[in-house]
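To start, the structure itself, in structure tokens.
Read the figures in this text as sums done on the coordinates, not as results from a lab. No experiment lies behind these values; they were computed from the predicted model shown. Backbone-built Cβ (ideal geometry, glycine too); neighbour counts: all protein chains shown.
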């Protein structure tokens, strides 16, 4: 993913389109729910089984496996990493990104 794609995905995620983005990309939004169901069946209620994915947001409640807990968190953090890496390198060269609407699924992660 390049920076421009990541910025567009970020804009769409900020508008609540994460589920649509994942679906368009052929990603199974609920893949983690099935994996977690198997974990719970085999080991009981373990902290490594993340909460179920919210169908409206495409994100789970996190848990000990964050950010690998669900496809929504994985994708969101990938987008965040691409944008953050690009902007930090560009800022080192004097470019500014005032007003960029940051979003990270981890509280306090945005700069």
Query - Order by protection proxy (mean Cβ within 10 Å, highest first), peptides 18-30, 74-86 - result: 74-86, 18-30
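Just how many % of Cα pairs in the chain lie over 17 Å apart, if you round to the nearest whole percent? Intermediate values should be presented prior to the final figure.
Values: 3429 of 6105 pairs.
Considering the chain, 56 percent of its Cα-Cα pairs are separated by more than 17 Å.
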Query raised in the report: Roughly what would the spin-label model give for residue 45 and residue 78, points 7 Å off Cα along C-beta, in nm?
Result: 3.3
**Report entry** Using a Förster distance of 25 Å, the FRET efficiency for residue 96-residue 5 (Cβ separation, nearest 0.05)
**Finding:** 0.70
